Amino acid sequence: MAKLKELIFHILILPAEGIDLIYIEMTEMIGTYMRVCLASGIILAMPYLIYQLLMFVSPALKPKEKICLLDTSLDNTYVHRGCGIRLLYSGAAGNQILAHLW
């Protein structure tokens, strides 16, 4: 888990390259780590949370509504994944992230 935390912070600090983080208050560092870990956890858990939501709602839907919901959810998944990959591979920050990962 420490490696994941370091990777996430490295990715977030890339745009501010050459700037050292300064913690003014005593608890600011731990608060920053907690906020970043909470946001990362929500983002990483989002596919599972959406799946659980769909499984909760699906018994109340008619077959035609289920098909429509499945189509739109798959379309949204591909659109968002495509936009994320495009943003990752574009720009200097994307190149630095890819260089760090490989």
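Conditions tested, residue by residue: (1) surrounded by 12 or more Cβ atoms within 10 Å (Cβ to Cβ); (2) out of contact with any Asp or Glu (no Cβ under 9 Å at 6 or more places or on another chain); (3) free of Cβ contacts under 8 Å to residues at least 12 places away in the same chain.
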| site | (1), (2), (3) |
| --- | --- |
| ILE13 | yes, yes, yes |
| ALA16 | no, yes, yes |
| LEU21 | no, yes, yes |
| GLU25 | no, yes, yes |
| VAL36 | yes, yes, no |
| SER40 | yes, yes, no |
| LEU49 | no, yes, yes |
| LEU54 | yes, yes, no |
| GLU65 | yes, yes, yes |
Next on the checklist: Here's a check for you: in the range 30-65, which residue that is in contact with a helix residue (DSSP H, G or I) (Cβ under 8 Å, 6 or more places away or on another chain) and polar (S, T, N, Q) is nearest to HIS10 (Cα to Cα)?
Outcome noted: SER40
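Just so you know, all these numbers are worked out from the coordinates, no wet-lab data involved. What you are looking at is a predicted structure, and each value in this text was computed from that prediction instead of being measured. For neighbour counting, all protein chains shown are included, and Cβ atoms are generated from backbone atoms with ideal geometry for every residue, glycine included.
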